[in-house]
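The values are calculated or read from the model by the stated rules, or taken from the named source; none is laboratory data. Note that this is a predicted model, so its numbers are computed, not measured. Here Cβ is always computed from backbone atoms with ideal geometry, including for glycine, and neighbour counts include all displayed protein chains. Heavy atoms of the whole protein, side chains included, go into the accessibility calculation; ligands, DNA and RNA do not. Shrake-Rupley method; radii C 1.70, N 1.55, O 1.52, S 1.80 Å.
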Amino acid sequence: MSLRPSVSLSRFLMAVLLVLSSLLASTARAGDHFQPATPDELKMTGDPLAPGAAAILLYRQVDRDDNGKTSHEDNYFRIKILTEAGRKYADIEIPFFKEEDEEVVNVRARTIRPDGSIASFGGKVFEKQIVKAKGVKYMAKTFTLSDVQVGSIIEYYFTYDYRELNIYNSHWLLSQELFTRQAKFTLKGWDPSAFK
């Protein structure tokens, strides 16, 4: 009796398990975009660097992948509502260019109430035209988060999905209407092998 087939079978099973665990781990990361609220964030009533602000961006993250084959950009926003006027930020508008084969997909959102309880967004995302000029349509995906109060934290996540096999001129708008406490931007560059 030879041990060779069982060693090969064991290696094969080990490889299958490694691949499955890797896939499960990446799926878990992809499905878990939101961060837990800290006690400091929940009790925050203002920021000394933005006195009198109606709301502030606690965190913003943009991960751009311009690989040329499946180019996309993941965006995450986390906003603290500080005053009654800040409740207007519950009306979310995500702009995009329709004619450039740019789509907004994977929209997820939620409200964290001042007591830490969560209201997940389960409503409808609408599409509206902002500007139309010479064959270019500047559109927006829009939705409104529910149960937003002074002291709430609103979070939303979405992906810009770009046309395949194109090279894009990556750019970011770093300045925002809201004061930003923390932000992170990453860029994965063009991959020439995607065009072979």
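Descriptive notes on the structure:
Here's the yes/no breakdown for (1) outside any loop (DSSP other than H, G, I, E, B); (2) at pLDDT 95 or above; (3) closer than 17 Å to Arg181 by Cβ:
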residue	(1), (2), (3)
Gly52	no, yes, yes
Arg64	yes, no, no
Thr70	no, no, no
Phe77	yes, yes, yes
Lys80	yes, yes, yes
Ala85	yes, yes, no
Tyr89	yes, yes, yes
Ile92	yes, yes, no
Pro95	yes, no, no
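- Listed by first and then second residue, the pairs linking a residue in region 182-196 that is aliphatic (A, V, I, L, M) and outside any strand (DSSP E or B) to a residue that is modelled with pLDDT of 70 or more and open to solvent by 60 Å² or more (accessible area, probe 1.4 Å), with Cβ atoms under 8 Å apart and 6 or more places separating them unless they lie on different chains, are Ala194/Lys69.
- When region 106-160 is filtered for residues that are among the aliphatic types (A, V, I, L, M) and touching a helix residue (DSSP H, G or I) at 6+ places or on another chain (Cβ under 8 Å), the ones remaining, listed by number, are Ile112, Val136, Met139, Leu145, Val148, Val150, Ile153, Ile154.
- Considered as a group, the residues in region 97-112 that are assigned to a strand (DSSP E or B) and not aliphatic (A, V, I, L, M) include one that is most open to solvent (accessible area, probe 1.4 Å), and that residue is Arg108.
- Residues in region 125-153 that are touching a strand residue (DSSP E or B) at 6+ places or on another chain (Cβ under 7 Å) and of a type in the set (Lys, Arg) were compared, and the one that is modelled with the highest pLDDT is Lys141.
- Subset of region 127-136 that is more than 21 Å from the chain's Cα centre (by Cα) and among the basic types (Lys, Arg) - its residue that is least open to solvent (accessible area, probe 1.4 Å): Lys132
- Flag for Arg163 being at pLDDT 95 or above and open to solvent by 50 Å² or more (accessible area, probe 1.4 Å): no
- Among residues of region 71-96 that are open to solvent by less than 50 Å² (accessible area, probe 1.4 Å), those with a beta-carbon under 7 Å from a residue that is assigned to a helix (DSSP H, G or I) at least six positions away or on a different chain give the pairs Ile79/Tyr89; Lys80/Glu41; Ile81/Arg87; Ile81/Tyr89.
- Selection of region 113-126 for residues being open to solvent by less than 80 Å² (accessible area, probe 1.4 Å) and in contact with a Lys or Arg (Cβ under 9 Å, 6 or more places away or on another chain) yields Pro114, Ala119, Phe121, Val125.
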